Amino acid sequence: MSAAAIACDPTRLRVRVSGAVQGVGFRPYVYGLAKRYGLVGFVVNDPEGVTIEVEGNWAAEFVAALRLEAPPLARIDEICVHQTAALGTKDFSVTTSQAGRLSTRIVADAATCEQCLSELFDPENRHYLYPFISCSHCGPRYTIAERLPYDRRNTVMKAFSLCAACAADYADPASRRFHAEAIACPTCGPRLSHGINAIVAAIAGGQIVAVKGLGGYQLLCDARNQRAVQRLRSRKQRPQKPFAVMVGSIAQVNEIAEANGPELALLESSARPIILLPTRNDLAPALAPGLSRVGVMLPLAPLHHLIFHELRSTAAWLAGPGPVIVATSANPSGEPLLIDNAQARRRLEGIADLIVTHDREILTRADDSVMSVVAGRPQFIRRARGYVPEPTRLARSVPTVLAVGGALKSTVTITRGNEAFVSQHIGDLDTAEGLRAFEETIRHLTSTLDVEPVVIAHDLHPNMASTRFAEASGRTLIAVQHHHAHAAAAIAEHGHAGPALALVLDGHGFGCDGGNWGGELLLCEGSRFRRIGHLAPLQMPGGDRAAREPWRMASAVLHRLGRGNEIGPRFAAQRQAERVPALLDRQGGATTTSAGRLFDAAAALLGVASLQSYEGEAAMKFEALVRRTAILEAGWTIERGVLSLRPLFSRLIADDLDAADGAGLFHGTFAAACIDWVTHAARRTGVSTIVLSGGCFLNAVLAEEIDRGCRSAGLTPLVPRQLPPNDGGLSLGQAWIAALRITNSRQP
Amino acid sequence: LSHGSGGRAMAQLISGIFHQAFGNEWLARCNDQSAFDVAAGRMVMTTDGYVVSPLFFPGGNIGSLAVHGTINDVVMAGARPLYLSASFIIEEGFRFSDLRTIAQSMGAAARGAGVYIITGDTKVVERGKADGLFISTTGIGVLADGLDLSADKARIGDRVLVSGSLGDHGVAIMSTRQHAALRIEIVSDSASLHNLVAVMMAVGGSGIRVMRDPTRGGLAAALNEIAHQSGLGFRLQEAAIPVKPAVAATCELLGLDPIHVANEGKLVAIVAPHTADAVLAAMKTHPLGCDAADIGEAVADDHKFVQMATSFGGGRIVDWLSGEQLPRIC
Ligand SMILES: [Fe+3]
Ligand SMILES: [Mg+2]
Ligand SMILES: [Zn+2]
Ligand SMILES: [Zn+2]
C-alpha cells in the first residue's frame, strides 16, 4: 500500500522496514521522527529488520518521510505498510530486540562521522581526544561482531561495561548513541597503549609506527621522508610495490594528486577506501615507483584524526605543505593483515620501531578497500573494509551455496535467499596464515549469516588450496571453470538473464581441456558456457616462473617470431636466458592463451620490466607509460575465433619504437583487436550483451577503450561494479553458476 | 621379443636371461616358488610397480631402479632386506639386448645390497599393451627386535634430516625425456640405502621415529604424508635443504621446485632431538649421506601444514600436488 493511499485517523499503521536498518541508529531516528509528527506507538528490531506501529494524525506523512531522512548508514530495501485498529497507546516507545531466526545483517564499518569528529576536538565534551569515540552513525561494526543479532553482548565490546554516562546515552532514545553497540568513553572504554604525542614524535622522527586500526594493524611513516619510506620498503621486503598514503583532509588531497568530483566523493564516503589518483608531485618515486598513480585515503578512525591533528601542530610541518603519511597494511609480504595483539608484537618486531596497540579486539580482519574511478564510475580493485558485508542482490532466490574462490587475492561467497555475501579480500592462500584466515572467514560468514551451505563451488584447478578445502569438506562439490566464474560474477551482479558474450582478459585459469587459459571469448547462457574464441597460444617457458619473469614471455614471443637468437643478447642479465631458446625449441612444452602474459611480454620487450617483484608490476608500469593510444592497422588476425597479435609484436620489437610509444601502440591495438573480435562474435551469435571481466580490466586504459569501443559498435558492455574484475570476484561467479546448476537439476 | 608364437623356445630364452643375471641357488631349482628360512624377529614386506619412462637414464635403468626402490621401501622400516621377487610385463618387440642389460643391472643391484631375487615371472603382451617394459617387485626383510618405525611416533620438536641433495632423479629423467637439447648433466641418485640406514640405526636406535624415501612427489609429498599420519606440522628452512647447483639451475629454468621432484636414493628421517646430531654425523660418514642435512623440525599444527619458513616468522605452505606442477598465478 502506498503512503498516499493511507487514510489517517483513527487507524494505526504497522510499518515493516527491511534492509540494513539495525545497528545504524534507525530506532532513535524513528523515535525522533515519530515525536516530531506527534505520533504514539513503538519501534522494535525484528529478524527481518524493523517493525514500527504508529497512531496519530500525521502517520501517513511519517511513513512518507521514513526514507528521506534515514541515518547515513541505513539502507532501506523495502517498506511495507498495513492498517490495523487503533489501540489508543499513550506514548511512543523503543522496544528491545526480539530473539528469533536471524535473517537480518551486520553493516559495514564506517569512518568517524562529522558529529563525533566535532565532539572529539571539543574540550567540553567527555569524549574529548578519545580515540574510540563512535556513535550509531560511525565506528566499527563488522570487524567486532561475533554473531547476530548485532547487540553489544555479541560483539567484542562486551568486555567493557558501560559507565553511568555511557549507559544513559545508550538507553536514551533521543541520543545518537542509543543502542550504539560500540560506544565507549575514556572512563569505561578501550585504551590506547601510547599517547598520541609519542606516535607523532616517532612519525616526525622518521620512524615506522604500527598502529592497530579499524580492520587490522597498519604501518605508518612520514611519506615525505624518503629514508623512512626506504626503510619501510627494506624491512617489509617490498622493493617496488606501491604504498598508499593518508592525508589529513580533503583539501590536502590536491596537494599531492589530481582528484575529480566522483573521486573526492568516494574519498569522503563513510567507507573511506583508498583511491588511485594521478600523482601531482615528487612524492611518487619512492611511494609508487614507475607508476603514474598513487593510492590516497583520508583518516577513517578517530586515531587517524588525532594523529593528523597533532602532526599539524608539530613545528616541522607548520612551514611546509600538510603532512602526508604512508599507510600500509602491517603484514609480512603476502600474508593476511595482522589483527591479534600478541601476534602483531611478535611479527612486527623487526618491521616497526613503535607498535601501538589497544584492548579492543578485532574479530574479523578487513584490509583497506582500494578503488579507482574509470570512465566516471567507481571500480573496485580490492573490496574489504567499509563494504563488507554488504550483499550483492541476485536476480532471484537461490539455494545456499558456499563458493571458495581461487588461490590469490581470494574471497569467499555465501548465498542466502536472493543475496550473495562476498567476503572481504582475504589474500593469497599459499601461507599458513592465509589459509587460516580463509577458514576463519568462512566460519565467521556462515555464523553471521546463520546458514549451513550444503554445496561448495570451487575452481577447476586441482592444486588450489581452496579446491583442497572443498574436497576435504565432504559436501557436494561443483567445479566452475575460472574464466566462466569471472564472467558469471558480472552476470550475477547485473542480474542479467539470457545469453551473454564474455571477453575475459585474465592472467591464468585452469581450462576445461587441462590447458592454461587466460584470454577467452565465451558464450554464456544459464549455468553453461562455450569457449568460442581464445588468444593464440604462446609458450610459457617455466610455468608460473614465466608469470613472475616477464622476460620469459618476451622470449616466447621472440621465438615465435623466428628471432630466438635475440633472446640471449636482449636478456643477458637473466641467468637462464642462454638456455631458454632450447627450452622453447622442444615440442610439447606448456602454452597459454593468457592476456596478462601478453602484457608482460610487451612490457619486457620494450624494456619496462624483465622481472616483477609484485603481481601485475610489469603491466602496471607499462600502462603508466601510455600518453596516448594508437592503433596499428592490420596489427592482428582473427581466424576461427583465435585472436593473434603477431603483427603487433613484430612492430613492437623494431628498434625505432620508444617504450612510451610502444605502450600506446600496444594498448590501442590490443583494445581495437578485442573490439573487432567481440564484434565479429556478436554478429555471428546474435548476442549483443558483452561481459568485460578478468584481471586485465584493472588496466584503466584498456578498460576504457574496450568499453567505449563496444558501445560505439552497438554492444552493451557488462562491467563488474560491486566487485573487482580480478580474482576477488571469482567466488561470486562460482556461487551463481553453482546455484543455477542446483536449481536446474531440481527441475523435472 | 614376440608374443604368442614360439612358445617354449621363447620362454626358455627369457628365463635364461634372468637365471644368468640373478644367478642364485633358489632360481636354479626352477620351481614356481622358493622356500627360505625365516630369521627370528618380525618380517617386513613391500611391493611396488615400476613404469618409468625412459627405461634407461643417466645413473641407471628401470631394473636397478626397481631393485633399489623395493629395497629402500624395506629398509625405511629399519629392516635388513633379504629377498626379492620380480615380475615382468614385456611389450612385444622389446629388444633382447635391452632386456639382458636391465636384468644384469637388477642382478648387480641385488648383489650389491646382499639380497637375492628368488622368484619371478614374465609375460609378453601384444604391441601397444605395455610401454616397453613394466617391472613389479616385492621385497622381504627382517626387523630387529623392539624396532617399530612409524609416522605416528613423530613428536613435536623432532628434527627433519635428509640424506642428501634433492631432485637428482627427477631432473635426470627429464634430461632424457623431453629436454635433450638442454644438455642437463645430472645423474640419477638411484641407490640402495640399506647400509646408510644400518649406520643410522646403530647410532639412533629408537630415536629414529620415521623414515621415508621421498620418491614420486619428492620431499613435499613425503613430509605431507608423515604430517597427516602423525598429526603434526613441519617447519623447514629453505636454505638448509641441499640441492645440487645443476639441479637448482634446471629447476629454475623449468619453473619447478626441487622439493616436489623425485628422488630414488635419498631418505628423510624424523629423529628425536637428543639424538639428531649424532645421527646426522653418522650419516655424513657414509658415502650416500655425505650431503645429509638437518632441514627443519616437527611442530604442533592442527592443520598439519608443511611450511617453509619465511622472514618475520611466517611460512609458505609446501603442499603436495596431484600430478605435475601446474601454473597457478592469475
Ligand atoms: Fe583470474
Ligand atoms: Mg614404494
Ligand atoms: Zn559518530
Ligand atoms: Zn563511558
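The values are calculated or read from the model by the stated rules, or taken from the named source; none is laboratory data. Nothing here was measured: the structure is a model prediction, and the numbers come from that model. In this analysis, Cβ positions are derived from the backbone assuming ideal geometry, glycine residues included, and neighbour counts consider all displayed protein chains. Ligands, DNA and RNA are stripped out before the accessible areas are found, and what is left, the full protein with its side chains, is counted by its heavy atoms. Shrake-Rupley method; radii C 1.70, N 1.55, O 1.52, S 1.80 Å.
It is to be established whether one or more residues within the range B:27-46 are open to solvent by 30 Å² or more (accessible area, probe 1.4 Å) and part of a helix (DSSP H, G or I). Checked the range B:27-46: at least one residue is open to solvent by 30 Å² or more (accessible area, probe 1.4 Å) and part of a helix (DSSP H, G or I). For the range B:228-239, the criterion of being away from chain A (no Cβ under 11 Å), on the phi > 0 side of the Ramachandran plot and open to solvent by 10 Å² or more (accessible area, probe 1.4 Å) is met by at least one residue. Of all residues in the range A:703-748, those satisfying the criterion of being touching a Cys at 6+ places or on another chain (Cβ under 6 Å) and away from chain B (no Cβ under 14 Å) are A:706, A:717.
Per the conditions (1) modelled with pLDDT of 95 or more; (2) more than 9 Å from ligand 3 (Cβ to nearest atom); (3) within 24 Å of the chain's Cα centre (by Cα), the sole criterion not satisfied by residue A:124 is (3). The requirement of being within 14 Å of chain B (Cβ to nearest Cβ) and either closer than 19 Å to residue A:339 by Cβ or within 16 Å of ligand 2 (Cβ to nearest atom) (or both) is satisfied by residue A:219.
For the range A:134-177, name all the residues that are away from ligand 4 (no atom under 12 Å from the Cβ), farther than 28 Å from residue A:442 by Cβ and open to solvent by 10 Å² or more (accessible area, probe 1.4 Å). Answer for the range A:134-177, where residues must be away from ligand 4 (no atom under 12 Å from the Cβ), farther than 28 Å from residue A:442 by Cβ and open to solvent by 10 Å² or more (accessible area, probe 1.4 Å): A:137, A:171, A:172, A:173, A:174, A:175, A:176. Take the conditions (1) farther than 19 Å from residue A:321 by Cβ; (2) touching a residue at least 60 places away in the same chain (Cβ under 8 Å); residue A:233 misses just one of them, which is (2). Say whether the condition of being out of contact with any Cys (no Cβ under 6 Å at 6 or more places or on another chain) and more than 16 Å from ligand 1 (Cβ to nearest atom) is met by at least one residue in the range A:506-513. Checked against the condition, which is being out of contact with any Cys (no Cβ under 6 Å at 6 or more places or on another chain) and more than 16 Å from ligand 1 (Cβ to nearest atom), the range A:506-513 yields at least one hit. Among the residues making up the range B:85-102, those that are in a strand (DSSP E or B) and either open to solvent by 10 Å² or more (accessible area, probe 1.4 Å) or aromatic (Phe, Trp, Tyr) (or both) are B:85, B:87, B:88, B:89, B:91. If a residue must be facing chain B (nearest Cβ under 9 Å) and either among the aliphatic types (A, V, I, L, M) or at positive phi (or both), how many such residues does the range A:530-570 contain? Summing the residues that are facing chain B (nearest Cβ under 9 Å) and either among the aliphatic types (A, V, I, L, M) or at positive phi (or both) in the range A:530-570 gives 5. Take the conditions (1) more than 9 Å from chain A (Cβ to nearest Cβ); (2) touching a Gly at 6+ places or on another chain (Cβ under 6 Å); residue B:287 misses just one of them, which is (2). Highlighted here are the strands (runs of 3 or more DSSP E) found entirely within the range A:306-413 that include at least 1 residues which are open to solvent by 10 Å² or more (accessible area, probe 1.4 Å): A:324-329, A:354-356, A:370-374, A:377-382, A:392-398.
Looking across the range A:466-490 at every residue that is aliphatic (A, V, I, L, M) and open to solvent by less than 20 Å² (accessible area, probe 1.4 Å), the one that is nearest to ligand 1 (Cβ to nearest atom) is identified as A:485. Considering the range A:444-465, and only residues there that are at pLDDT below 95 and open to solvent by 40 Å² or more (accessible area, probe 1.4 Å), the residue that is nearest to the other protein chains (Cβ to nearest Cβ) turns out to be A:447. Of the helices (runs of 4 or more DSSP H) lying entirely inside the range A:190-300, those containing at least 2 residues that are touching a Leu at 6+ places or on another chain (Cβ under 9 Å) and either in the same structural domain as residue A:314 (by TED's automatic domain parsing) or under 24 Å from residue A:617 (Cβ atoms) (or both) are A:196-204, A:226-236, A:250-256, A:261-268. Looking only at the range A:501-545, filter to residues that are within 20 Å of residue A:678 (Cβ to Cβ) and without any contact (Cβ under 8 Å) to a residue 24 or more places away in the chain; which one of those is surrounded by the most Cβ atoms within 10 Å (Cβ to Cβ)? Selected residue: A:531. Of the helices (runs of 4 or more DSSP H) lying entirely inside the range A:554-661, those containing at least 2 residues that are under 30 Å from the mean Cα position of the chain (by Cα) and either buried (at least 17 other Cβ atoms within 10 Å of the Cβ) or touching a residue at least 60 places away in the same chain (Cβ under 8 Å) (or both) span A:596-605, A:617-625.
With respect to the conditions (1) closer than 25 Å to residue B:113 by Cβ; (2) among the β-branched types (Val, Ile, Thr); (3) not in a strand (DSSP E or B), residue B:210 lacks only one, and its number is (3).
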